[in-house]
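Here is the structure we will look at.
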Amino acid sequence: MDADRAGYITYDSDREELAGHTRAGATVWKEKKTFPVETHCTDTCPNAVFSTTHEMSPGVAGSRIVWRTGKATRKVTSLKDPNVNVYWSPAPGRWVGSTSKGMVSNLEGASRRKSFAKNSVNAQGRIAADRSMLTVSSRREGRAEKWSTLVLDLKHPSAEPREVPEKLPGPVGCISTERRSVITLGKNPGEYRMSDGSLVRRIPGFVSDCSTQDDDVVVGSYSLGAGGTIQRVRLLGLTSKDGSPVRSGRGEAQLGVFENCGIHVSAGRVHTFKGNSRSLATKVRAVDTLTLPDGTLYAATPTGKADVFRVENGPDSCLVEPA
């Protein structure tokens, strides 16, 4: 899902239905029988852009970008390239995304591409929580632990994307604009500076997902256990010595963080944790969550809608209160 203070977007995989809603829960638009690879708010939610690739929609020869604005406006752009994913679009027709070979954009009516120096595969993008920075990671064919990374400052989207000089051990999982660094996923994860790719600190274990806000970072790993997916999550401090204990849970919803409060969903409930305290279950039921930089928390429910809350940082624990 994606969201901002005005609304949110959800996808129901059982119904194969994508929908945009206002913050109050009114459904503004729906797309049925669709398989989006990436979905993001445009100028403000529930206005949205989503992209589908040939792999996810074999009936489509190439890729397709769809914009939904208001209740009825729908704009579609078809591309010959079968692997275009869009991560940022301020308005219909203006966008930045990725292909299997690098970064691609169309901002002034003409397509621009920035390709990696070597043949690459598995390109994947990440956008910062405040939507100010975009990275595209891709590994060289046959080099599983050597990932190239392109960085684009979205405050100046027409600028040339910059390639990080050093190769990273995994794809970028999340971006800290405050620290000007990225957290990598997979084996041998770590925090690396965007300027030169130098190591800030190593992160023990395996990282499947992460989330950042200011100086706060939460990381998690997911593995299949006898009772389903087992999650292990923890907060990272400013240095390698500041990390909090690992918390366990069940499920694989998005992780969130706000003012040193870690947020995750376990067994259908939103949990919070901070410092050395244990993970506390709230009364909020959810199948997924999204935490915004201002502390707004959208808790997606099985109905396809989301309830809106606010994360409050208390002296000993974190609270999730109605917004």
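The values are calculated or read from the model by the stated rules, or taken from the named source; none is laboratory data. Small disclaimer: the values here were computed from a predicted structure and weren't measured. Neighbour counts run over all protein chains shown; Cβ positions are idealised from the backbone, glycine included. Side chains are part of the model used for accessible areas, which takes the heavy atoms of the whole protein and leaves out ligands, DNA and RNA. Shrake-Rupley method; radii C 1.70, N 1.55, O 1.52, S 1.80 Å.
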Interchain or sequence-distant (5+) residues whose placed amide H lies within less than 5 Å of the amide H of TRP88 are VAL96
Once GLU163, GLU252 are ranked on solvent-accessible area with the largest value leading and a 1.4 Å probe, the list reads GLU252, GLU163
Taking the reciprocal of mean 1/r across every pair of different Cα atoms in the chain, the Kirkwood radius in Å is 20.1 Å
Taking Cα atoms only, Rg over Rh for segment 93-203 with Rh from the Kirkwood formula is 0.95
Each label sits 7 Å from Cα toward the beta-carbon; between LYS167 and HIS54 the label points are separated, in nm, by 2.7 nm
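Rounded to the nearest whole Å³, what is the per residue volume of the convex hull around the Cα atoms of segment 1-128?
In segment 1-128, the Cα hull volume divided by residue count equals 110 Å³.
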For the chain, dividing by residue count, accessible area per residue (probe 1.4 Å) in Å² works out to 47 Å²
Segment 264-323 -> Rg/Rh from Cα coords, Kirkwood Rh, value 0.95
Hits in segment 46-75: amide N under 17 Å from the 7 Å Cα→Cβ extension of PHE35, namely 50-66
If one builds a Gaussian network model of the chain from Cα atoms under 10 Å apart, the most fluctuating residue listed among GLY227, GLY249, GLY173 is GLY227
DSSP beta bridges in the chain: the antiparallel percent, rounded to 5, is 100 percent
Going through LYS30/LYS80; LYS32/LYS114; LYS167/LYS274; LYS187/LYS305; LYS30/LYS114; LYS155/LYS187 one by one, the pairs whose alpha carbons sit over 28 Å apart turn out to be LYS32/LYS114; LYS167/LYS274; LYS187/LYS305; LYS30/LYS114; LYS155/LYS187
With Rh as the Kirkwood radius over Cα pairs, segment 202-304 has Rg/Rh of 0.94
The percentage of the accessible area of the chain (probe 1.4 Å, all protein chains present) made up of carbon and sulfur atoms, to the nearest whole number, is 48 percent
So the compactness index of segment 64-158, its C-alpha Rg divided by 2.2 N^0.38 Å, takes the value 1.12
Largest fluctuation, VAL136, VAL104, VAL218 only, Gaussian network model of the chain with Cα springs under 10 angstrom, belongs to VAL104
